[in-house]
Every structure is written in structure tokens, then in C-alpha cells.
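Take a look at the structure set out below.
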Amino acid sequence: MKIKRCSWCFSCFFLYLLFANTMIYGSSRENCKVISLNSVYSVYRNELVTETTILFEINNREGEKLAWFSIPYSKLNKLTVLHASIEDIRGNLIRELGKKEISTISEMYDGSYYSDYFRKEFSLAYHKFPYRIRLSTTYSQKEFVNIIDWTPIYDSDIPTLSAFLTLNIPVNYKVDIFQRLISEPVIDTSTGNITYKWSSNYDTILPYEIFSPPFRDLVPRVIVVPQKFTYGVAGQAMSWAQFGKYFADLLQDTEPLPELEKVHIRQLVEGITNDRERISTLYHYLQDNTRYLNIALDIGGLKPHSPAYVSRNKYGDCKALTLYMRSILENVGIESCYTLINSGRKRTELITDLPGQQFNHVILMVPNHGDTLWLECTNNQIPTGYVGSFIHDRGCLVINGTESYLTNTPRLLSKDVSIQRRITFHIDSKFSTTSRINFRLKGYLFEQILALEANLNLTNFSEILEDEFTSKNFHLDSFNIQHFNRDTARLTITVLGDVPHFIQPYQNGIIAELTPLALPIPEKISSRKASIYIPYPVSINDTIEYQYPSGWLPVVKDDIEISSKFGTYTLRFNNDSGRLILTRTYELIAGSFARSDFEELANYLSTIKETEHRTKLLFQKTIR
């Protein structure tokens with residue numbers, strides 16, 4: 001048994017989208033709380049039994065979100081005990097949950113029921129506050145890969161006053177244990193088994209802090225992994241190669257592609273000799289003929305549906321679609337590897353010295369003679385080999401039998417995410433202003449526009465553009481989205497409209513405001529708790545042109561430059577024959593930084609905001 005420890009060391013809506021993903025924590029509330037959370041995990045004769053008892057306190061109507069429950073279970077993870085009751089504040093029983101109050105729901109994904117996955121749903125509200133709810137559940141599993149992945153947190157927005165974790169295993173049962181931000185367990189061997197006991201709490205709610213690391217990296221956590229296990233097939237997790245071998249075995253004996261589809265696939269690439277072109281052609285075939293069902297890896301099990309299943313039904317989850325794409329490539333002699341990864345907007349830490357199931361997603365790695373391609377098989381819009389914000393810079397496990405190995409997906413660089421905007425304001429002799437805005441998008445915002453196009457009609461899309469994508473008081477007249485070929489990771493949006501009240505009188509002239517960057521406002525430096533995490537870089541290049549009427553001249557300002565370790569901001573002014581042209585650049589460097597660097601980050605952002613707020617563009621009438 002090993003115990004592993006660690007220390008924890010972007011105009012407009014566009015920038016809002018870029019920064020929104022850093023906002024994850026709520027504020028402390030006294031509407032409800034968890035009084036105690038007690039979890040006991042026991043392995044006996046290779047069966048895992050999980051017993052959990054939670055005592056909730058609900059103080060008002062706002063807190064009654066804790067009075068509604070949805071308890072998941074499956075044929076593999078059986079719910080053997082479900083008991084709930086209402087108590088008064090002294091612990092006296094008021095009533096117990098009745099069987100007729102419980103609804104059994106079969107999980108549904110995209111209109112299809114999955115008979116192996118269910119939920120028990122019920123409500124236990126009471127009319128007198130405060131009151132308490134005691135919930136007890138017991139699960140049993142005969143097959144499992146992980147034993148424990150535990151935190152003392154029921155809800156990130158609700159305090160847990162006390163939490164206890166117990167692990168009971170036989171003396172000769174080998175496990176690896178990872179723990180963080182929690183005291184060492186008390187170990188007892190007097191009963192003939194080994195018992196580990198941890199205690200913790202979450203009595204202080206983590207506040208919202210911009211640019212914070214992933215929530216799970218900031219709170220107490222215990223993970224326990226068996227060195228040997230059975231889940232579908234027998235496996236071992238004493239090394240990443242062994243764990244990869246387990247997945248390779250799990251993928252064996254799946255129903256292959258139908259023969260007719262194999263013939264069709266070969267016909268699609270007949271005459272194409274370049275492997276990169278063949279891969280792209282077949283990736284487009286996948287995108288055009290299948291759809292994704294959102295069944296998470298840790299819910300949908302580890303063994304995917306077969307290529308034949310996807311071929312028949314034209315849908316699948318990440319596992320099934322990836323295996324299907326692997327089979328398609330294999331059919332034309334192209335090697336590829338099923339690859340486990342942790343996806344999401346934030347890069348969750350991969351604990352490299354704890355081999356085991358730490359992943360929530362599957363992609364396909366194609367070596368392609370050293371020019372490696374990473375295929376996201378669940379997205380029907382992105383280019384071939386596009387590594388987006390969802391999977392960039394992640395540790396991943398490439399499944400290749402006994403030669404399985406850990407590696408990293410490529411990191412997004414500034415050139416991969418750059419936003420270029422050309423904003424033109426035409427001011428006529430009566431000071432009415434029309435505007436043309438041209439956006440050239442890459443990276444995260446490119447991904448978001450693709451998603452909006454796929455899920456919104458034309459009216460909804462134009463409303464979003466007018467409400468969110470343009471400057472204050474902008475009235476949208478028309479817009480156009482231009483795509484390049486489907487394997488080009490950029491697009492352009494052109495927006496036309498008018499801007500009432502853009503020009504205002506000022507003393508003996510007129511002024512126009514600078515269209516500002518929508519930067520986040522950092523919290524007070526003194527209250528910062530977490531270190532800094534910027535998930536991907538930001539790079540904005542603006543050209544802003546003010547076409548002013550004859551008889552007027554702008555007052556040209558001095559150029560501005562603001563620099564820090566987090567990036568550089570520039571604003572330069574140039575008057576050119578009836579046009580005042582501003583060029584603006586802004587960058588934010590991605591990465592992890594110490595909490596002590598937050599003052600510099602906050603000063604960088606606030607200095608830019610203050611500078612832009614003070615920047616007024618003055619035009620004066622020329623003397624004739």
C-alpha cells in the first residue's frame with residue numbers, strides 16, 4: 001500500500017465568454033447546511049459496499065433545495081438501502097419517507113432510455129423551520145475500478161460542518177491511496193482487517209475568485225485505487241502500462257463494422273494517397289453520419305458500444321464514437337489509439353503517480369507518421385485534428401496494450417486563439433454614426449460560434465449578436481458569418497448597424513468614446529485565497545477607425561503601453577486623411593501562478609480599464 005500526498009500550491013460578450021469559465025464558486029449562505037457526512041467503504045470478498053449517512057439542516061424556504069433528492073444507481077452499482085426521515089432540531093423523529101413518495105426514473109439520453117441506469121427521486125420538505133433531514137444509502141458493487149474518490153463536500157455552495165470517511169479492507173488487499181489537504185488517517189488492525197479513518201470539514205465556503213484553479217484541486221480529497229480489480233475483465237493498476245493494458249483487453253471482442261460499411265469506407269478514400277487527406281475524409285464521414293449522446297464516462301461504464309452498434313444506430317457516446325472511428329481508420333490501414341483524457345474548460349490535475357481511472361472522456365490519437373492528430377469524435381463542427389479549449393494541454397493515457405503510456409495533448413498558443421477585429425465608425429456631417437465590425441475568430445470563441453450556429457435559429461443568433469457581441473447602443477441591421485473550408489480553424493463575422501448618441505458635444509468640439517475591452521474586474525487583493533490559473537491565452541488585435549466629417553480634426557493622443565508578467569497592452573493613435581485610426585493589442589498569458597502574483601495581475605487589468613475609461617476621442621472644428 002502506498003499513500004501519495006501533494007501540496008496545492010476577453011468589445012463585448014467575446015471577452016465575457018473568455019473569462020466566464022473562471023467563475024465557479026458561490027458565496028456562503030446560512031439557508032441550509034450539512035451537519036454531518038459519514039461515508040464507510042468496505043471491501044469484503046471482492047465486493048464493494050458503500051454506506052453513506054448525511055444529516056442536513058434546512059433553515060428557510062431558500063434552503064429547501066436540499067429537500068429534493070435524486071439518487072442514481074445502476075445494475076452494476078446496486079442501491080440496496082434507501083432511508084430518509086425528517087427530524088426536529090433536537091433530533092426527534094417527525095416522520096419517515098414512505099415508499100409511495102419515491103419515484104423510480106429510468107435515465108434518458110436524447111430521447112432514448114437506458115435500462116441499466118436509474119434514479120430514485122423524492123422530496124422531504126416540512127412546514128416548520130428549522131428542520132433536519134437524515135438520508136442513508138447503501139450501494140453494493142461486485143465489479144469496480146476505483147474504491148473511493150471522496151471529498152467532504154455535498155454542494156460547493158453549502159457548508160459541511162463535519163465529515164468522516166472510513167475504509168475497511170482485508171489485510172492482504174493491496175490498494176494505493178492519494179490524499180490532499182486532509183490529515184493522516186487513523187489506522188486500526190485490531191479487528192483482523194485494516195481500517196482507515198479520516199476526518200475533515202468544509203465549514204468555510206470557498207468564495208468566488210476569478211482565475212481560480214479547478215474547484216476539486218482546492219478542497220480535501222481522498223482517492224483509493226485497488227492494485228488488482230475486475231470490471232468487465234480482470235485488470236491491474238500498479239502502473240499506467242498495466243492500466244492501459246486493462247482497457248485494451250476491455251475493448252477486445254466488440255462487434256466489428258458491417259462488411260458493407262467497410263466496402264463503402266474504402267471507396268471514400270479510393271485514389272487518395274496522402275494519409276492526412278484520408279484521415280480528414282473519414283473524419284468528415286464520422287461527423288456527417290453520427291451524433292453524440294452525452295453519457296459521461298463515469299456513468300455510462302467503461303466498455304463502449306461496438307462499432308456495429310454505432311453503424312446501425314448512428315449515435316454513441318465518446319467511447320463508442322471513438323472506437324467506431326478507430327475501426328474506420330483500421331479498415332483502411334491507418335493506425336490510431338483509443339485515448340483517455342480529462343476534458344473540460346479547466347485543466348484538472350492528473351495524478352501521475354496514481355495509476356487508475358481519473359478520466360471523464362475519450363478521444364482518438366492518430367500517430368500519422370510523427371505528425372500526430374488528436375480527433376475529438378463527439379463534435380460534428382470542428383476541423384480535423386482540432387485541439388480546442390476542451391482538451392488542450394491535458395495529461396492523457398494512450399491505450400496501446402502493454403505499451404500504453406501517459407502523454408500530453410498540445411497546448412493552445414496565442415496564435416491559436418487570436419481575435420482580430422476591425423471596427424469602423426462612419427460619422428456624417430450631422431454626427432449620425434454607422435458602424436461595421438469585422439471579427440476574425442479562432443480558439444475558444446471560434447468553438448462557441450460553431451456551437452451557437454448548430455443550436456440556434458437565425459432570429460436567436462441575431463438577437464445574441466445585437467445584445468452581446470457589439471458595443472453599447474449598437475443597433476444591428478445585418479450580419480454575415482463566413483466559414484472557410486471545414487478544416488480551417490477560424491471564421492469571420494461581419495456586423496453592420498448604427499450607433500445612436502455615439503457623438504456628444506464637448507466644449508468647442510465633439511467627443512467619441514473608445515470602444516473598451518470587456519475585461520474582468522478583480523476582487524480585492526487582500527481577500528484573495530487561491531492561486532492563479534489562466535486556462536488558455538488571450539490575444540486580441542483591434543483596428544478601430546473613426547471616419548470623421550470634413551471640417552473637423554482629431555486631437556491625436558500619445559501612444560500607450562502597459563506591460564506585466566501577464567502580458568502587454570498597447571494603444572496607438574494615427575490620423576490619416578479624414579480617418580483617426582487606433583490600433584490596440586491585448587494579451588493575457590496562460591498558466592498557473594502563485595497567489596502572491598495576484599496583485600500584479602489585478603493591477604494589469606485595472607490599469608487597462610482605467611486607461612480606456614479615461615480615453616476620450618476629441619474632434620475640433622478646423623479654422624477656415
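Residue check: is Glu447 surrounded by fewer than 16 Cβ atoms within 10 Å (Cβ to Cβ) and of a type in the set (D, E, K, R)? Here the answer is no, as Glu447 does not meet what is asked.
For segment 536-550, the set of residues classified as open to solvent by 20 Å² or more (accessible area, probe 1.4 Å) and either outside the structural domain of Pro505 (by TED's automatic domain parsing) or not polar (S, T, N, Q) (or both) consists of Tyr548 only.
Annotation: of all residues in segment 510-530 being outside any loop (DSSP other than H, G, I, E, B) and at pLDDT below 90, the one that is farthest from Ile464 (Cα to Cα) is Ser526.
In segment 496-516, the residues that are farther than 26 Å from Asn438 by Cβ form Cβ pairs under 7 Å with partners that are among the hydrophobic types (A, V, I, L, M, F, W, C), at six or more places apart or across chains, as follows: Tyr506/Leu618; Gly509/Leu618; Gly509/Phe619.
Here Asp253 fulfils each of the conditions (1) at negative phi; (2) open to solvent by 50 Å² or more (accessible area, probe 1.4 Å) apart from (1). Note on segment 64-105: enclosed strands (runs of 3 or more DSSP E) holding 3 or more residues that are over 19 Å from Asn31 (Cα atoms) and modelled with pLDDT of 95 or more are 78-87, 93-96. Residue-level check: of (1) buried (at least 20 other Cβ atoms within 10 Å of the Cβ); (2) under 22 Å from Met238 (Cβ atoms), Ile153 misses just (2).
One residue stands out among those in segment 272-290 that are β-branched (Val, Ile, Thr) and more than 18 Å from Cys318 (Cβ to Cβ): the one that is surrounded by the most Cβ atoms within 10 Å (Cβ to Cβ), which is Ile279. Among the conditions (1) surrounded by fewer than 16 Cβ atoms within 10 Å (Cβ to Cβ); (2) under 27 Å from Phe425 (Cα atoms); (3) modelled with pLDDT of 90 or more, the only one that Glu468 does not satisfy is (3).
Looking at Leu519, Leu491, can you tell me which residue is assigned by TED's automatic domain parsing to the domain that holds Leu601 and crowded, with 20+ Cβ neighbours inside 10 Å?
Details: Leu491 fails: crowded, with 20+ Cβ neighbours inside 10 Å.
Selected residue: Leu519, the only one of Leu519, Leu491 that is assigned by TED's automatic domain parsing to the domain that holds Leu601 and crowded, with 20+ Cβ neighbours inside 10 Å.
Residue count for segment 583-620 under the criterion of being among the small types (Gly, Ala, Ser), surrounded by fewer than 18 Cβ atoms within 10 Å (Cβ to Cβ) and over 18 Å from Ile560 (Cα atoms): the result is 4.
Please pick out the residue among Asn380, Asn438, Asn480, Asn460 that is at negative phi and in the same structural domain as Arg326 (by TED's automatic domain parsing). Show your work before the answer.
On the way: Asn438 fails: in the same structural domain as Arg326 (by TED's automatic domain parsing); Asn480 fails: in the same structural domain as Arg326 (by TED's automatic domain parsing); Asn460 fails: in the same structural domain as Arg326 (by TED's automatic domain parsing).
Testing whether each residue is at negative phi and in the same structural domain as Arg326 (by TED's automatic domain parsing) leaves just Asn380.
In this entry, Thr195 is excluded by the filter for residues that are over 18 Å from Thr50 (Cβ atoms) and either modelled with pLDDT of 95 or more or open to solvent by 10 Å² or more (accessible area, probe 1.4 Å) (or both).
Of all the numbered requirements in (1) outside the structural domain of Arg347 (by TED's automatic domain parsing); (2) surrounded by fewer than 17 Cβ atoms within 10 Å (Cβ to Cβ), Gln267 misses one, and that requirement is (1).
Selection within segment 555-575: residues that are open to solvent by 60 Å² or more (accessible area, probe 1.4 Å) and not in a strand (DSSP E or B). The member of this set that is farthest from Gln620 (Cα to Cα) is Lys565. Under the condition of being of a type in the set (Gly, Ala, Ser) and open to solvent by 20 Å² or more (accessible area, probe 1.4 Å), the residues counted in segment 310-326 number 0. Looking at the structure I just gave you, is Leu406 in contact with a helix residue (DSSP H, G or I) (Cβ under 7 Å, 6 or more places away or on another chain), at pLDDT 90 or above and farther than 20 Å from Glu587 by Cα? It is true that Leu406 is in contact with a helix residue (DSSP H, G or I) (Cβ under 7 Å, 6 or more places away or on another chain), at pLDDT 90 or above and farther than 20 Å from Glu587 by Cα.
When the residues of segment 569-600 are filtered to those that are of a type in the set (Val, Ile, Thr) and within 15 Å of Ile423 (Cβ to Cβ), which remaining residue is farthest from the chain's Cα centre (by Cα)?
Within segment 569-600, the subset of a type in the set (Val, Ile, Thr) is 570, 581, 583, 585, 589.
Checking which are within 15 Å of Ile423 (Cβ to Cβ) leaves us with 581, 583, 585.
Values: Ile581: 38, Thr583: 33, Thr585: 27 Å.
Top of the filtered list is Ile581.
Could you list, in sequence order, the residues of segment 330-349 that are open to solvent by less than 30 Å² (accessible area, probe 1.4 Å) and in a loop (DSSP other than H, G, I, E, B)? Can you show your working first?
From segment 330-349, those open to solvent by less than 30 Å² (accessible area, probe 1.4 Å) are 332, 334, 336-344, 346; that's our starting set.
Scanning segment 330-349 gives Val332, Ile334, Ser336, Asn342, Ser343, Gly344, Lys346.
Taken together, Gln227, Gln242 contain a single residue that is of a type outside the set (Ser, Thr, Tyr), within 12 Å of Val145 (Cα to Cα) and open to solvent by 20 Å² or more (accessible area, probe 1.4 Å), which is Gln227. If you check Asp176 against the conditions, is it assigned to a strand (DSSP E or B), of a type outside the set (Lys, Arg) and surrounded by fewer than 16 Cβ atoms within 10 Å (Cβ to Cβ)? For Asp176, the condition - assigned to a strand (DSSP E or B), of a type outside the set (Lys, Arg) and surrounded by fewer than 16 Cβ atoms within 10 Å (Cβ to Cβ) - is not met.
In the set (1) over 30 Å from Ile534 (Cα atoms); (2) under 30 Å from the mean Cα position of the chain (by Cα); (3) modelled with pLDDT under 95, Tyr292 fails one condition alone, (1).
The values are calculated or read from the model by the stated rules, or taken from the named source; none is laboratory data. Keep in mind that what you see is a predicted model, and the values were worked out from it rather than measured. Positions of Cβ are backbone-derived with ideal geometry, glycine not excepted, and every protein chain shown enters the neighbour counts. For the accessible areas, the whole protein counts, side chains as well, though only heavy atoms, and no ligand, DNA or RNA atoms are used. Shrake-Rupley method; radii C 1.70, N 1.55, O 1.52, S 1.80 Å.
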